[in-house]
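Quick notes on the structure that follows.
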Amino acid sequence: SICARTSSHNKHVCMLALVLSSASLLIGRPPLASPRATVRLCAAEAVVAEPAEEAVAVTAEEVEAPRVRWEHLFAADLASWESIDQPEAKVALEEELERMEAGSAAELLGPAAVREQLIGCWKLLLAPEADAAMREGVTAGASAPHLSLCGHFQTFSKPDPMDVLTGKPATFMETCEVVADSRVGRAFSTTVKGGFHVDADPLGGLRTVEIYTQRDGAEEALPPNRWNCAHVGSEIRVARAPGGGQRVYCRVDAEAMRAELARLAAEAVEVDPKWAEQEAEQAAAEGAVEEVEDNRPLWQKRIDEADGIQRSANGTPIINHGPIGGSNDGPRTQ
């Protein structure tokens, strides 16, 4: 079987590939550049059907209990928690993340150390469907019913001293998202920039607040994106949204992130007939030229054309040089 999600409007399909390992398995690992690998899942075995470059034996010494094969998850496209249709896979992933959160030293390390750990590029792998970051995106680019999020990447960076010298606005936080439009059958990317800070959450733990001041190069304030630092490691980041949902990220390098953004933006999007029909009707309405009925008498039309004076609907001349002896605030009727 395959863990997949298709939106209610068939906007796009997000593929999720998780592999559970047991005592003695033969697993073919797909290349990370190919996120569309087909994976068969069950409690007793895991076999990668395609593509498979090499077979790697996993022995009992290497695996003490069923676990998540993170390399497959890292290679998958964005998916929701609800899209995981294999109970064993979901339980294994939840238990693994629970262990990560329980062993997290983020609160002990303090805000400064967590800020340092965040530096770099991150790819969102999983989030609840009800989460605003999944439903409409941090950029708010997928807020319309015919739009859906299919990619989300974040970059945390350190201050650049040259920004002070050049006068360039300092931005330490950037979120890039790819949105699928099922009305026109294409995808597009949108970017917001700003800053972030990490501090103590009054309810416990550490809280990160992302504050955005630019959207697609123009100044625009967006609502802050807040989350708790449940776990920040060398490869995995677990963010707890305000509602408690888990957002799971993996660390990626900048070049790989740019490649994935370009791939997602270039992919074809299935057109939903309902939205396509609405788009056609809207285009026809915008393209239609409204005809204004000229109900002036014929003699009035001749006079207007002869004297060259613009008149209102009832034939009153419109004087454009302002009121006599007053201000020149605009046109007046005589």
task = For Ala112, put the label point 7 Å out on the Cα→Cβ axis and report which residues of the stretch 193-211 keep their amide N under 17 Å from it.
result = 197-200
query = Amide H to amide H under 5 Å from Asp181: which residues, 5+ apart in sequence or cross-chain, H placed 1.01 Å off N in plane?
reply = Arg186, Ala187, Phe188
note = Once both label points are put 7 Å beyond Cα along the C-beta direction, the Glu95-Asp199 separation in nm becomes 4.0
ask   = By how many nm would the segment from Arg226 to Lys301 lengthen if fully extended, with 0.36 nm per residue of separation less the alpha-carbon distance?
value = 20.5 nm
Cα-based convex hull, the stretch 201-258, per residue volume (Å³, whole number) = 105
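With +1 on each Lys and Arg Cβ and -1 on each Asp and Glu Cβ, how big is the dipole of the stretch 144-280 about its Cα centre, in debye rounded to the nearest 20?
Numbers: 15 positive and 20 negative charges, 75 e Å.
Its charge dipole is roughly 360 debye.
Which FRET efficiency, nearest 0.05, do Gln282 and Leu165 yield, Cβ-Cβ r, R0 41 Å?
On the way: r = 48 Å, r/R0 = 1.17.
So, using R0 = 41 Å, E works out to roughly 0.30.
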query = When every alpha-carbon pair in the stretch 71-125 is counted, what percent end up more than 12 Å apart?
reply = 76
Percent of Cα pairs exceeding the 25 Å cut-off, where the set is the stretch 97-206 = 37
request  = Extending each Cα 7 Å along its Cβ direction at Asp85 and Asp216, get the distance between those two points in nm, one decimal.
outcome  = 3.5
task = Give a residue-ordered list of calculated ³J(HN,Hα) values for the stretch 248-260 (Karplus: 6.51 cos²θ - 1.76 cosθ + 1.60, θ = phi - 60°; whole Hz; x for Gly, Pro).
result = 10, 10, 10, 7, 10, 7, 4, 5, 5, 5, 4, 5, 5
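Just so you know, all these numbers are worked out from the coordinates, no wet-lab data involved. Here the structure is a predicted model, which means the values were calculated and not measured. With ideal geometry, Cβ positions are generated from the backbone for all residues, glycine too; neighbour counts draw on all protein chains shown.
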